[in-house]
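Undergrad: One structure is given below, represented as structure tokens, and several questions about it will come after.
The values are calculated or read from the model by the stated rules, or taken from the named source; none is laboratory data. Quick caveat, the model's predicted, so the values are computed rather than measured. Note: ideal-geometry Cβ built from the backbone for every residue, glycine included; neighbour counts use all protein chains shown.
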Amino acid sequence: MKYVDEYRDREGAKKFARMIGTITTRPWTIMEICGGQTHTIVKYGVESLLPPGLTLVHGPGCPVCVTPLAMIDRAIAIASRRGVIFTSFGDMLRVPGSSRDLLAVKAEGGDVRMVYSPLDALKIARDNPDRSVVFFGVGFETTAPANAMAVFQAHKEGLKNFSLLCSHVLVPPAINAILSSPINRVQGFLAAGHVCTVMGFEEYFPLADRFRVPIVVTGFEPLDVLQGIYMTVRQLEEGRHEVENQYTRCVRREGNVPAQELLRRVFRVSDRAWRGIGDIPSSGYALCDEYEAHDAEKIFDVGAISAQESPLCIAGEILQGLKKPHECAAFGGRCTPEHPLGAPMVSSEGACAAYYHFGSMHG
Amino acid sequence: MDNVQQGDIASGPACPIPMTEYSTVTLAHGGGGKLTQQLIQRMFVPQFDNEMLGRLHDGAVFTAGGARLAFSTDSYVIKPIFFPGGNIGELAVNGTVNDLAMCGAKPLYLSSAFIIEEGFPMDDLWKIVLGMQAAAKNAGVGLVTGDTKVVDRGKGDGIFITTSGIGIVEPGAAIDPRNARAGDMIIVNGPIAVHGIAIMSVREGLSFDTEIRSDTAPLNSLVEVILKAGADVHVLRDPTRGGVASVVNEIAQSSRKGILLDEAALPLSEEVRGACEILGFDPLYVANEGKVMAFVAPGAAEKVLRAMRAHPLGKDSVIIGEVVEEHPGVAVMKSLIGGARVVDMLSGEQLPRIC
């Protein structure tokens, strides 16, 4: 397949692995931000090609993993209402809330539908004028423009029965939170290529400067990830801390300007709670007042939700790269992909699920 | 939980439900992955406790009246019932024919039970029946008994079909999931993941430049060729629901051997690869309806491969991996870039990813 096979080439991977091995003189800890990158690293066994001492920690860039429990409970409460068609991307359906997940709501008779785009949800709203159609808007800057477009369209068409349950989060404030932690051990970042496709990478320069860390905008194919690691290690070894772009075939410094304009029009930056990490100021999006008629959180009064995380789950430490999944006491015992205690065990991009599958190789 | 289960079963008929994690059945319990396996192993197998069922093969093999017979059953609840490359009726015939073939048997007779929802178009039923007729003829089996029930509108989803079948085990065939041995080569008869993507493309309204047609086909004549080519065929499996990944896991666990797949050797069509990329699906977990995986002794592999390639359903046959002594019970895949990863069973339905 053109434009894919080139980036999965065995010889190319060997070459980059050799180059990384040659320049690495000390142990380094690098965080890949995005869950898509974690997925590639695990799926292709990238870590098995790296020199010992070079550690990858898996960052908070899995939207499934960082969506707070209270928000999932809210989604479940809305989806359980009569007259509601609750739509979502597939992998949110299995994320456990306090007592059940959206698939369980479906099993109990709720109208929960998997869609591939918020615009599909919009179509469902047009086709079902007597029902209230809610889309679960989850994700980083990558998925935000399509969700903004759905709300913008609904508003324009006067589709009063469409609303967005908005749980968008932003990458730079998360990097800031990780680096500000007194126990941070991350020395370099692979920034999320697709987030930067939308937003560009201007916002990363102050972070690289302030915390003196290299940040390399990196793609998602195995050779992208290996090259991103190579560029980060080279900076670390040379004592540099710059923002570099590995993913030049998709990312421009200024990003996708029309998408950003749409985001500014529909959303405002707001404080957000991150599952496992806690509140981060100005770290997400909420709908602007102009579009509040499409804000599911305002439309559906589901009462106060007080969600309790399992006390056994150390997802927060894992999402910040402070601990590896197998260092958790519940890992593989009380917490498995079939019965997850926390979100990183649910998503195929979650660090715990990735380790669970990989770890079983060694019994 | 195990203690509770055993204790109460011993004390009499008032068994507790042997699963505490789920109070209702979810779709994932029927997905062919880990939850399906748990349901079968906790809910069904211990209660009907017998050696044939315990083998968890595609069908049961037993001796009756001096003949070695294979017996299998399968239900079809597919949506949509008409899809590119076939319909639910063809699938129902081919599926049971294939389950029998995977026992090393020559399929003879099938039964078919229909559960039809009130209001179901007669025209559609006719098309399904014609599909079954053609499939039965193609496979050389007789559809010799059946049953029909109609349920109230809204109490079924159009039509459900259950087929059962019996076949006679080919002399000398010793096909058993426990028989995989280190060194065995794993052969598959062509591109994988086609059926699942064909269904998905219609169900989800995805349109691709080229239509992806289901690979549904009766595999009994191909299996006959495989068995005649070399006596050293140890395991046969059709990677239907749950895909190739589920088969290699089941065989690794049954045989207590390791399985090593080579990602670079996996046969995939460009269309299916493209669809999987878009949906974030792993083709290893996507269903097939016309594929067989043969675990063959290394000495016989070339001969079997040649014979398979001479058959119309096997012309694209390739070796995709081998059975190894290392990591018993676990399937591992050498990735395209040379790394290694575990190929686990799916925990539930495969769900398209967010981004």
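Undergrad: Can you tell me which residue within region A:105-115, out of those that are assigned to a helix (DSSP H, G or I) and facing another protein chain (nearest Cβ under 10 Å), is modelled with the highest pLDDT? Lay out the reasoning, then the answer.
TA: Keep residues of region A:105-115 that are assigned to a helix (DSSP H, G or I), which gives A:105-107.
After this cut, where a residue has to be facing another protein chain (nearest Cβ under 10 Å) as well, the list is A:106-107.
Details: A:K106: 92, A:A107: 88.
Filtering first and then ranking leaves A:K106.
Undergrad: Within region B:84-106, which residues are out of contact with any helix residue (DSSP H, G or I) (no Cβ under 9 Å at 6 or more places or on another chain) and either of a type outside the set (S, T, Y) or in a strand (DSSP E or B) (or both)? Explain how you work it out, then say what you get.
TA: Our first condition is that a residue be out of contact with any helix residue (DSSP H, G or I) (no Cβ under 9 Å at 6 or more places or on another chain); within region B:84-106, this holds for B:95-96, B:99, B:103.
Those that are out of contact with any helix residue (DSSP H, G or I) (no Cβ under 9 Å at 6 or more places or on another chain) and either of a type outside the set (S, T, Y) or in a strand (DSSP E or B) (or both): B:G95, B:D99, B:C103.
Matching residues to (1) in contact with a Lys or Arg (Cβ under 7 Å, 6 or more places away or on another chain); (2) part of a loop (DSSP other than H, G, I, E, B); (3) surrounded by fewer than 18 Cβ atoms within 10 Å (Cβ to Cβ):
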position: B:A252; (1), (2), (3): no, no, no
position: B:A294; (1), (2), (3): no, no, no
position: B:M333; (1), (2), (3): yes, no, no
position: B:I337; (1), (2), (3): yes, yes, no
position: B:D344; (1), (2), (3): no, yes, no
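Undergrad: Hey, another quick one. Restricting the search to region A:116-145, which residues are in contact with a strand residue (DSSP E or B) (Cβ under 9 Å, 6 or more places away or on another chain), assigned to a helix (DSSP H, G or I) and modelled with pLDDT under 95?
TA: Selection gives A:P118, A:D120.
Undergrad: Considering only residues that are within 14 Å of chain A (Cβ to nearest Cβ) and surrounded by 23 or more Cβ atoms within 10 Å (Cβ to Cβ), which ones fall in region B:300-331?
TA: B:A331
Undergrad: Give me the residue from region B:267-292 that is in a helix (DSSP H, G or I), under 23 Å from B:E250 (Cα atoms) and within 11 Å of chain A (Cβ to nearest Cβ) and, out of that set, farthest from the chain's Cα centre (by Cα).
TA: Keep residues of region B:267-292 that are in a helix (DSSP H, G or I), which gives B:270-279, B:283-285.
If we keep only those that are under 23 Å from B:E250 (Cα atoms) too, we end up with B:283-285.
If we keep only those that are within 11 Å of chain A (Cβ to nearest Cβ) as well, we get B:284-285.
Details: B:L284: 13, B:Y285: 11 Å.
Looking at residues that are in a helix (DSSP H, G or I), under 23 Å from B:E250 (Cα atoms) and within 11 Å of chain A (Cβ to nearest Cβ), I get B:L284.
Undergrad: For region B:232-262, enumerate the residues that are closer than 16 Å to B:G59 by Cβ and of a type in the set (S, T, Y).
TA: Correct list: B:T240, B:S254.
Undergrad: Also, quick follow-up: For region B:160-195, how many residues are of a type in the set (D, E, K, R), in a helix (DSSP H, G or I) and surrounded by 17 or more Cβ atoms within 10 Å (Cβ to Cβ)? Full working, then the answer.
TA: Going through region B:160-195, the residues of a type in the set (D, E, K, R) turn out to be B:170, B:176, B:178, B:181, B:184.
Add one more test, that the residue is in a helix (DSSP H, G or I), and what stays is B:178.
Now narrow it down to the ones that are surrounded by 17 or more Cβ atoms within 10 Å (Cβ to Cβ): none.
Residues that pass the stated criteria total 0.
Undergrad: Here's a follow-up. Would you point out which residue out of A:F201, A:F205, A:F267 is modelled with pLDDT of 95 or more and under 30 Å from A:A70 (Cβ atoms)? Break it down into steps so the answer makes sense when it comes.
TA: On the way: A:F201 fails: under 30 Å from A:A70 (Cβ atoms); A:F205 fails: under 30 Å from A:A70 (Cβ atoms).
Exactly one residue qualifies, and that residue is A:F267.
Undergrad: Continuing with the same structure: Looking at region A:208-227, which of its residues are surrounded by 21 or more Cβ atoms within 10 Å (Cβ to Cβ) and either free of Cβ contacts under 8 Å to residues at least 60 places away in the same chain or at positive phi (or both)?
TA: Selection gives A:A208, A:V213, A:P214, A:I215, A:V216, A:V217.
Undergrad: Follow-up. Just the residues that are surrounded by fewer than 24 Cβ atoms within 10 Å (Cβ to Cβ) and within 14 Å of chain B (Cβ to nearest Cβ), please, taken from region A:55-66. If you could, list the steps in order and put the result at the bottom.
TA: Going through region A:55-66, the residues surrounded by fewer than 24 Cβ atoms within 10 Å (Cβ to Cβ) turn out to be A:55-57.
Scanning region A:55-66 gives a single hit, A:L56.
Undergrad: Counting only residues that are in contact (Cβ under 8 Å) with a residue 40 or more places away in the chain, in a helix (DSSP H, G or I) and within 19 Å of A:N128 (Cβ to Cβ), how many does region A:146-160 have?
TA: 3
Undergrad: Does A:P340 satisfy being part of a loop (DSSP other than H, G, I, E, B) and in contact with a Pro (Cβ under 7 Å, 6 or more places away or on another chain)? Quick ask: steps written out before the conclusion?
TA: Numbers: part of a loop (DSSP other than H, G, I, E, B): yes; in contact with a Pro (Cβ under 7 Å, 6 or more places away or on another chain): yes.
Spelling it out, A:P340 is indeed part of a loop (DSSP other than H, G, I, E, B) and in contact with a Pro (Cβ under 7 Å, 6 or more places away or on another chain).
Undergrad: For the subset of region A:123-138 comprising residues that are surrounded by fewer than 24 Cβ atoms within 10 Å (Cβ to Cβ) and within 14 Å of another protein chain (Cβ to nearest Cβ), which member is farthest from A:C34 (Cα to Cα)?
TA: For region A:123-138, the residue satisfying everything is A:D127.
Undergrad: Could you list all residues from region A:220-233 that are farther than 13 Å from A:A13 by Cβ and either at pLDDT below 95 or within 13 Å of another protein chain (Cβ to nearest Cβ) (or both)?
TA: A:F220
Undergrad: Here's a check for you: in region B:37-80, which residue that is in contact with a helix residue (DSSP H, G or I) (Cβ under 6 Å, 6 or more places away or on another chain) and hydroxyl-bearing (S, T, Y) is farthest from B:T24 (Cα to Cα)?
TA: B:S72
Undergrad: Being assigned to a loop (DSSP other than H, G, I, E, B) and within 21 Å of the chain's Cα centre (by Cα), is that true of even one residue in region B:196-209?
TA: No, region B:196-209 contains no residue that is assigned to a loop (DSSP other than H, G, I, E, B) and within 21 Å of the chain's Cα centre (by Cα).
Undergrad: A follow-up question, please. Kindly indicate whether any position in region A:78-92 is over 26 Å from A:G303 (Cα atoms), without any contact (Cβ under 8 Å) to a residue 60 or more places away in the chain and surrounded by fewer than 24 Cβ atoms within 10 Å (Cβ to Cβ).
TA: yes
Undergrad: Then there's this: Among the residues of region A:285-302, is any among the small types (G, A, S), modelled with pLDDT of 90 or more and either buried (at least 23 other Cβ atoms within 10 Å of the Cβ) or on the phi > 0 side of the Ramachandran plot (or both)?
TA: From region A:285-302, those among the small types (G, A, S) are A:286, A:293, A:296; that's our starting set.
The next check asks that each one be modelled with pLDDT of 90 or more; those that pass are A:286, A:293, A:296.
This time we only want the ones that are either buried (at least 23 other Cβ atoms within 10 Å of the Cβ) or on the phi > 0 side of the Ramachandran plot (or both), so: A:296.
Looking for residues that are among the small types (G, A, S), modelled with pLDDT of 90 or more and either buried (at least 23 other Cβ atoms within 10 Å of the Cβ) or on the phi > 0 side of the Ramachandran plot (or both), one finds at least one in region A:285-302, hence yes.
Undergrad: Kindly check whether there is at least one residue in region A:297-309 that is part of a loop (DSSP other than H, G, I, E, B), among the polar types (S, T, N, Q) and without any contact (Cβ under 8 Å) to a residue 60 or more places away in the chain. Explain how you work it out, then say what you get.
TA: Step one: of region A:297-309, the residues part of a loop (DSSP other than H, G, I, E, B) are A:300-309.
From what is left, the residues that are among the polar types (S, T, N, Q) are A:306, A:308.
Narrowing further to those that are without any contact (Cβ under 8 Å) to a residue 60 or more places away in the chain: none.
No, that holds for no residue.
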